[in-house]
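Q: Sharing a structure, written as structure tokens. Questions coming.
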There are 2 protein chains.
Amino acid sequence: MKNFEFHNPTKIVFGAETVAQLSRLVPESARVLILYGGASAEKTGTLAEVRQALGARVSREFGGIEPNPSYETLMRAVEQVRRDEIDFLLAVGGGSVIDGTKFVAAAALYDGEPWEIALSGGAKVRRALPFGAVLTLPATGSEMNNGAVVTHKATHTKLPFRSPLLFPQFSVLDPAKTFTLPTKQVANGLVDAFVHTVEQYLTYPVQALAQDRFAEGLLQTLVEIAPQALAAPDDYATRANLMWTATLALNGLIGAGVPQDWATHMIGHELTALYDIDHARTLALVLPSLLDVQRDSKHAKLLQYGERVWGIRDGSDEQRIDAAIARTRAFFEGLGIPTRLSAYQLGQEAVEAVLAQLQAHGMTSLGEHRDIDLARSRRILEAAL
Amino acid sequence: MKNFEFHNPTKIVFGAETVAQLSRLVPESARVLILYGGASAEKTGTLAEVRQALGARVSREFGGIEPNPSYETLMRAVEQVRRDEIDFLLAVGGGSVIDGTKFVAAAALYDGEPWEIALSGGAKVRRALPFGAVLTLPATGSEMNNGAVVTHKATHTKLPFRSPLLFPQFSVLDPAKTFTLPTKQVANGLVDAFVHTVEQYLTYPVQALAQDRFAEGLLQTLVEIAPQALAAPDDYATRANLMWTATLALNGLIGAGVPQDWATHMIGHELTALYDIDHARTLALVLPSLLDVQRDSKHAKLLQYGERVWGIRDGSDEQRIDAAIARTRAFFEGLGIPTRLSAYQLGQEAVEAVLAQLQAHGMTSLGEHRDIDLARSRRILEAAL
């Protein structure tokens, strides 16, 4: 096990009918800006519940935070924060809204051009507004971590950043809030949580036994619940498991003391920035091919993954690894999520475009061994054609 | 899954050579009281490392906190805190020292008779001194939770308490600090972590899939590392797994959203208070018999436990449950920890004495169904003769 530091101060309030607890979670004297995405927050009644729970507090609202939240949009929220003397942010939505709120929290108190926050990976964050979240879409884990991703539309640049100052103070997780989600978003959430887990697990062994078991437990859970999560939108127990599993997949716990990969994410981000493919869908495009190209350096963990998550025990090592990768690909496809670029009418030209972006963004030594250079990224992308 | 709240703000600093990081973890201006147990903290050099890391800070020391820390001893520490105007506590030791430090942290700022803190279960804690810990004995999980147990020697009363104000600000976990532990204490730690996990897992199913997988992962890890943990004191990787697993067993995570038992602990506490048997050893005395007596209400989970932790898949339900309990008992005995009262020369008179104490302390409806009354506690204790 590697040395590590683990610190996660976010309070999770989980369960049915928990939105009303905002009345005790948000400071009494706060001047609140509610940030949300599209019309669904209003239509489903969640915004009304939030407003009621906030009671007599001064509150303003900022809607229209898009998937893959953009710097351009978020800077308008920053202006509103300053104009209305807001001192507490409340994100109501999924990972994009929470990520965007993290950017606003830091940008509102930033001296200088706020895009520097993203360019510095968050290192330049010195202060941030306090904020909480009401999660409506289980997927990214942003509700219980200090990271975020923002996109500069003008330059097609999607950058991650993080800071110890950017943990939500609290996140309210009511699984019933997911009942109205489109099936496609639930499928995306399953893949997102799955790949978050894989990025922190499927590297090389460092005798971190509990971390491995936890990661395998999350993967097993996602595989177990997936059919019902898609088929029965209002099955509370299934949605509760999806929601908590997605949070646990990226709250720092399973990644503590172990090597991490994240190459799938970095390559995927470029696909989103260039072609506007949903984040989770880019992960499904990249991961199976990446596992295949990296099968030697991931050998031991691929065998362990195959056995413990998929029950693959027969055959030679290479056959078992083939089977593990095939099961992964079939899992994504079974959720209705393609694993080939051709499904998006993308071909060799997309490979070249992604490689150019990776080079432009300095993404030339990715993965747990930093051995995914542009040549290897090319092999991965071509294997996904 | 049940509704839950999860909040654990303790920062964990884990790994080799981490004690030196106290220099950044303890506030520069703090007036520190270092609390520790016996002579080993000095002999092993840990105290010297701590003193060096604290550098020029004002610091005092309070040694002699005993296993099952007593109100009587701890009140002397409270006096020292007041006399020396201490504003930060640093526990150096195992669960007893950290539990004791929690009591001191609350008692030092308490208006009234501090034993009320324990009597109220912690509800009366309104303020507490900030504190951190350097863990030297993996077992209780106190390093990452807000609970503690103290004993009033004069009345043979051992009481648990907890408060949101009693999380350590940080805990430093260096697995190498366990190399010098007596084998008996390592065995105790394995059992303690195992039973902590079982108390939060082996109840009845509530479709909390990730929590179940995590609990099973901790149990599997403990079973896997136990032989090497006992046989090779300086095997860093094994001790690292023991240390992190014991912390995860009681930091609130696996217990979030699930029913919990804790009857084994409550009965065990009385055995410690009456006969001074090590805490973990009382758990090994009670648990196998309790599982047998409660086999009907724990039916589904006992089968799941048998299959997932011990690989028991053959036989009738009752045979598989018998086998799961037998494996549990054999695991403890294999660590050199008895599971029968007779091993301590205790017989029927001890059963009567424990029952009298349970009655005196209002422990007459224990377990996840509150159905362990005195008659059932009698059956459990008699099954452990």
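The values are calculated or read from the model by the stated rules, or taken from the named source; none is laboratory data. All of these numbers come straight from a predicted model, not from anything done at the bench. Positions of Cβ are backbone-derived with ideal geometry, glycine not excepted, and every protein chain shown enters the neighbour counts. Please note that ligands, DNA and RNA were not included when accessible areas were found on the heavy atoms of the full protein model with its side chains. Shrake-Rupley method; radii C 1.70, N 1.55, O 1.52, S 1.80 Å.
Q: State whether the residues of the range A:17-30 include one that is open to solvent by less than 40 Å² (accessible area, probe 1.4 Å), within 14 Å of another protein chain (Cβ to nearest Cβ) and closer than 30 Å to B:Thr238 by Cβ.
A: Here is the first cut: in the range A:17-30, the residues open to solvent by less than 40 Å² (accessible area, probe 1.4 Å) are A:18-19, A:22, A:25-26, A:30.
Retained after the next criterion (residues that are within 14 Å of another protein chain (Cβ to nearest Cβ)): A:18-19, A:22, A:25.
Applying the additional criterion that residues be closer than 30 Å to B:Thr238 by Cβ yields none.
Scanning the range A:17-30 turns up no residue that is open to solvent by less than 40 Å² (accessible area, probe 1.4 Å), within 14 Å of another protein chain (Cβ to nearest Cβ) and closer than 30 Å to B:Thr238 by Cβ.
Q: Just one of the numbered conditions (1) on the phi < 0 side of the Ramachandran plot; (2) not in a helix (DSSP H, G or I) is not true of A:Gly336; which one?
A: Unmet condition: (1).
Q: Exactly one of these conditions fails for B:Ala148: (1) more than 15 Å from B:Gly37 (Cα to Cα); (2) modelled with pLDDT of 95 or more; (3) open to solvent by 10 Å² or more (accessible area, probe 1.4 Å); (4) not in a helix (DSSP H, G or I). Give me its number.
A: The one condition B:Ala148 does not meet is (3).
Q: Additional query: Scan the range B:231-249 residue by residue and report those that are in a loop (DSSP other than H, G, I, E, B) and in contact with a Ser or Thr (Cβ under 7 Å, 6 or more places away or on another chain).
A: Taking the range B:231-249 and keeping what is in a loop (DSSP other than H, G, I, E, B), we get B:232-235, B:249.
Of everything in the range B:231-249, those that are in a loop (DSSP other than H, G, I, E, B) and in contact with a Ser or Thr (Cβ under 7 Å, 6 or more places away or on another chain) turn out to be B:Ala232, B:Ala249.
Q: Another question, if that's okay. Taking B:Glu270 as the residue in question, decide whether it is among the charged types (D, E, K, R), assigned to a helix (DSSP H, G or I) and more than 9 Å from every other protein chain (Cβ to nearest Cβ). Spell out the reasoning first.
A: On the way: among the charged types (D, E, K, R): yes; assigned to a helix (DSSP H, G or I): yes; more than 9 Å from every other protein chain (Cβ to nearest Cβ): yes.
For B:Glu270, the condition - among the charged types (D, E, K, R), assigned to a helix (DSSP H, G or I) and more than 9 Å from every other protein chain (Cβ to nearest Cβ) - is met.
Q: What's the total number of residues in the range A:101-125 that are open to solvent by 10 Å² or more (accessible area, probe 1.4 Å) and either without any contact (Cβ under 8 Å) to a residue 12 or more places away in the chain or of a type in the set (Gly, Ala, Ser) (or both)?
A: 8
Q: Sticking with this one: Please pick out the residue among B:Leu135, B:Leu166 that is surrounded by 22 or more Cβ atoms within 10 Å (Cβ to Cβ), within 14 Å of chain A (Cβ to nearest Cβ) and more than 29 Å from A:Pro175 (Cβ to Cβ). I'd like the intermediate steps shown before the answer.
A: Values: B:Leu166 fails: within 14 Å of chain A (Cβ to nearest Cβ).
Result: B:Leu135 is the single residue among B:Leu135, B:Leu166 that is surrounded by 22 or more Cβ atoms within 10 Å (Cβ to Cβ), within 14 Å of chain A (Cβ to nearest Cβ) and more than 29 Å from A:Pro175 (Cβ to Cβ).
Q: Moving on. Would the range B:320-330 turn up any residue that is acidic (Asp, Glu), surrounded by fewer than 24 Cβ atoms within 10 Å (Cβ to Cβ), within 14 Å of chain A (Cβ to nearest Cβ) and assigned to a helix (DSSP H, G or I)?
A: Of the range B:320-330, the ones acidic (Asp, Glu) are B:322.
When the remaining residues are screened for being surrounded by fewer than 24 Cβ atoms within 10 Å (Cβ to Cβ), the result is B:322.
Applying the additional criterion that residues be within 14 Å of chain A (Cβ to nearest Cβ) yields none.
For the range B:320-330, residues acidic (Asp, Glu), surrounded by fewer than 24 Cβ atoms within 10 Å (Cβ to Cβ), within 14 Å of chain A (Cβ to nearest Cβ) and assigned to a helix (DSSP H, G or I): absent.
Q: Being within 30 Å of B:Gly311 (Cβ to Cβ) and either small (Gly, Ala, Ser) or open to solvent by 10 Å² or more (accessible area, probe 1.4 Å) (or both), is that true of even one residue in the range A:358-372?
A: In the first step, residues of the range A:358-372 are kept if they are within 30 Å of B:Gly311 (Cβ to Cβ); the result is none.
There is no residue in the range A:358-372 that is within 30 Å of B:Gly311 (Cβ to Cβ) and either small (Gly, Ala, Ser) or open to solvent by 10 Å² or more (accessible area, probe 1.4 Å) (or both).
Here's the yes/no breakdown for (1) open to solvent by 30 Å² or more (accessible area, probe 1.4 Å); (2) of a type in the set (Val, Ile, Thr):
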site: A:His269; (1), (2): no, no
site: A:Ala273; (1), (2): no, no
site: A:Asp296; (1), (2): yes, no
site: A:Gly306; (1), (2): no, no
site: A:Gly311; (1), (2): yes, no
site: A:Asp314; (1), (2): yes, no
site: A:Ile337; (1), (2): no, yes
site: A:Leu341; (1), (2): no, no
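Q: For residues in the range A:58-75 being open to solvent by 30 Å² or more (accessible area, probe 1.4 Å) and over 21 Å from the mean Cα position of the chain (by Cα), which is nearest to A:Gly100 (Cα to Cα)?
A: A:Met75
Q: Return the residues of the range B:228-267 that are under 18 Å from the mean Cα position of the chain (by Cα) and open to solvent by 30 Å² or more (accessible area, probe 1.4 Å); say none if nothing qualifies.
A: Taking the range B:228-267 and keeping what is under 18 Å from the mean Cα position of the chain (by Cα), we get B:239-256, B:260-267.
Selection gives B:Leu250, B:Gly252, B:Gln260, B:Trp262, B:Met266.
Q: For A:Lys158, all conditions in the list (1) basic (Lys, Arg); (2) surrounded by fewer than 22 Cβ atoms within 10 Å (Cβ to Cβ); (3) touching a residue at least 40 places away in the same chain (Cβ under 8 Å); (4) touching an Asp or Glu at 6+ places or on another chain (Cβ under 9 Å) hold save one; what is the number of the exception?
A: (2)
Q: In this structure, is B:Gly252 within 9 Å of chain A (Cβ to nearest Cβ) and not in a helix (DSSP H, G or I)? First the steps, then the outcome.
A: On the way: within 9 Å of chain A (Cβ to nearest Cβ): no; not in a helix (DSSP H, G or I): yes.
Spelling it out, it is not the case that B:Gly252 is within 9 Å of chain A (Cβ to nearest Cβ) and not in a helix (DSSP H, G or I).
Q: Considering only the range A:180-219, how many residues are under 19 Å from A:Gly336 (Cα atoms), within 12 Å of chain B (Cβ to nearest Cβ) and either touching a strand residue (DSSP E or B) at 6+ places or on another chain (Cβ under 8 Å) or open to solvent by 10 Å² or more (accessible area, probe 1.4 Å) (or both)?
A: Total satisfying the criteria: 0.
Q: Can you tell which of B:Lys177, B:Lys158 is away from chain A (no Cβ under 13 Å), over 13 Å from the mean Cα position of the chain (by Cα) and part of a helix (DSSP H, G or I)?
A: Numbers: B:Lys158 fails: part of a helix (DSSP H, G or I).
Matching residue, one of B:Lys177, B:Lys158: B:Lys177.
Q: Still on this structure, I have one more. Considering (1) farther than 23 Å from B:Tyr110 by Cβ; (2) within 20 Å of the chain's Cα centre (by Cα), say which one B:Gln21 fails and leave the rest.
A: Here B:Gln21 meets the rest and fails (2).
Q: Among the residues of the range A:357-372, how many are assigned to a loop (DSSP other than H, G, I, E, B) and within 16 Å of A:Asp296 (Cα to Cα)? First the steps, then the outcome.
A: So the first thing to find is which residues in the range A:357-372 are assigned to a loop (DSSP other than H, G, I, E, B), and the list is A:361-365, A:367-371.
After this cut, where a residue has to be within 16 Å of A:Asp296 (Cα to Cα) as well, the list is A:367-371.
Going through the range A:357-372 one residue at a time, the tally reaches 5.
Q: So, one more: On the given criteria, is B:Glu224 part of a helix (DSSP H, G or I) and under 15 Å from B:Ile98 (Cα atoms)? Steps first, answer last, please.
A: Values: part of a helix (DSSP H, G or I): yes; under 15 Å from B:Ile98 (Cα atoms): no.
For B:Glu224, the condition - part of a helix (DSSP H, G or I) and under 15 Å from B:Ile98 (Cα atoms) - is not met.
Q: What's the number of the only condition in (1) at pLDDT 95 or above; (2) loosely packed, with under 15 Cβ neighbours inside 10 Å that A:Glu5 fails to meet?
A: Condition not satisfied by A:Glu5: (2).
Q: Is it the case that B:Ile312 is out of contact with any strand residue (DSSP E or B) (no Cβ under 8 Å at 6 or more places or on another chain), within 14 Å of chain A (Cβ to nearest Cβ) and at pLDDT 95 or above? Even if it seems obvious, please write down each step before you answer.
A: Working: out of contact with any strand residue (DSSP E or B) (no Cβ under 8 Å at 6 or more places or on another chain): yes; within 14 Å of chain A (Cβ to nearest Cβ): no; at pLDDT 95 or above: yes.
Answer is no for this residue.
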